[in-house]
Structures are given as structure tokens and as C-alpha cells.
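Below is one structure, written out as C-alpha cells; the observations come after it.
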Amino acid sequence: MPRTRVLIADDHRLMREGTAALLRTDERLEVVGLASNGREAVAMATRRTPDVALVDLDMPELGGIETCAALREQLPGIQVLILTVSEREADLYAALRVGAAGYLLKDMPPGELAEAILEAGRGEPRIDPAMARRMLGDMTAPDAAGQRLDDLSDREREVLALLARGRRNREIAETLFVTEATVKTHVRHILEKLRIRNRAEAAAFAARYLD
């Protein structure tokens, strides 16, 4: 099985090299580049075509949000994970708006980082659970949120609840005794009915509004 190719962008040398050393211990990952700022990250990504870019939020020349937007524009297939110390909801919203596949805090357990990158590479975004519980306060009024939830079928609610707990498509399929293809269809319908863009936002919506 081909390894997931990872680019790391962080202006702190100790952080980017330490992260690279950590990821290189996982045989499923291949670190293809280390960038010290956003502009360098974009240029490097166009040459080395990583599957996932791990991007710090606060960097010189081009910040993490701008870097994410540029990467998504130039390499539509790339998945961008923001790795940051910022717990500001505004930063999370900004990252999601420009197409980030996930938002991770730098105090996360080291062993979870590789799994988050692999999930992003499979199109299964990851958002820090604490941030997911706090976000979406301004996404929609509670009454409107309730109406959107009413539009979901019972099975779609089950899938949404499992998304909120960070379950992957395979795990959801095993739990509900259906195929992964069926789960993907349910996820697509959930996003359409809730009028949100990705799994990370769906998980955050569920964490706030689903009983």
C-alpha cells in the first residue's frame, strides 16, 4: 500500500523537525518536505505533491489560513490540516472556510497525529474534540438547527452521531452493519440537508445540537 505523503510547514525549526521525526517512525507515512513559512510551503507542495499538508496557523510571509487557501487552489486534491496552539473559534471557522480538512491543537497526544494525517489522506477530516464542542455558536439559530435535524432520517441521525464521536466510514459501516458505500451516501445526504460543507463541520454541528 502506498504511503501517505506529508508536507510539514512550521516556522519553528524544533517543531517542524520534531514533528517530522515523529512521523518518520510510522511506516505508513512519508515526509516529503519541511517548510519554514507559508510561501515556501506552497512552492514546495507544487513540486512534491504531498497528499496531506500539516500547516501551522501563525507563520511569516504567508499565514496558515492563506497557505491553506493557496494550497487548495493550486492542488485541489491536497488535504490541509491546521496544527496550532490557537483555541479561538474564529481561527477554526476561518480554516474551515478556506477548505481545511481539519484543525488540531499542538497539545494533542503525539500518537494521534499520525492517525489524523492518515484519516485526512482518506478524505476523513479530524477536528479537535474540544473545539468541535465549542464551535458553531454563530452557524445557525437553534430553531433553524432543529429544523435541519428534523429533515434527517433516523439512519442519517445515527450516522451523524457516530461522526460526532470521530468514527471513520469503515467503523460506521461495521457499527450499523452496512457497506462503506452506503455510509458515504448517508454522509453526502447529511451534508446536503444540513447545508454544511464537510465531515468536520457535521461533527461540530452534531456536538452542539444532536441529543
Identify, from the list A69, A9, A53, A20, the residue that is at pLDDT below 95 and within 28 Å of R167 (Cα to Cα).
A69
Scan segment 168-177 and tell me whether some residue there is of a type in the set (D, E, K, R), buried (at least 16 other Cβ atoms within 10 Å of the Cβ) and modelled with pLDDT of 85 or more.
no
May I ask you to verify whether A69 is among the small types (G, A, S) and more than 24 Å from N198 (Cβ to Cβ)?
no
Would it be correct to say that V42 is closer than 23 Å to R133 by Cβ and in contact with a helix residue (DSSP H, G or I) (Cβ under 7 Å, 6 or more places away or on another chain)?
no
If only one of G77, G99 is within 15 Å of R199 (Cα to Cα) and not assigned by TED's automatic domain parsing to the domain that holds A200, which one is it?
G99
List every residue pair whose Cβ atoms sit under 6 Å apart, with the two residues 6 or more apart in sequence or on different chains, where the first one lies in segment 2-19 and is β-branched (V, I, T) and the second, anywhere, is surrounded by 14 or more Cβ atoms within 10 Å (Cβ to Cβ) and assigned to a loop (DSSP other than H, G, I, E, B).
T4/D51; V6/P50
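When the residues of segment 178-189 are narrowed to those that are among the β-branched types (V, I, T) and either buried (at least 19 other Cβ atoms within 10 Å of the Cβ) or within 18 Å of L118 (Cβ to Cβ) (or both), which ends up modelled with the highest pLDDT? Full working, then the answer.
Taking segment 178-189 and keeping what is among the β-branched types (V, I, T), we get 178-179, 182-183, 185, 187.
Cutting the leftovers down to either buried (at least 19 other Cβ atoms within 10 Å of the Cβ) or within 18 Å of L118 (Cβ to Cβ) (or both) gives us 183, 187.
Working: V183: 93, V187: 90.
Within segment 178-189, the match that is modelled with the highest pLDDT is V183.
Here are T67, T84: which of them is surrounded by 19 or more Cβ atoms within 10 Å (Cβ to Cβ), in contact (Cβ under 8 Å) with a residue 40 or more places away in the chain, more than 24 Å from N169 (Cα to Cα) and in contact with a Gly (Cβ under 8 Å, 6 or more places away or on another chain)? Write out each step before concluding.
Numbers: T84 fails: in contact (Cβ under 8 Å) with a residue 40 or more places away in the chain.
None of the other options fit; the residue is T67.
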Quick check: anything in segment 16-35 aliphatic (A, V, I, L, M) and in a loop (DSSP other than H, G, I, E, B)?
no
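The values are calculated or read from the model by the stated rules, or taken from the named source; none is laboratory data. This is a predicted model, so every value here is computed, not measured. Note: ideal-geometry Cβ built from the backbone for every residue, glycine included; neighbour counts use all protein chains shown.
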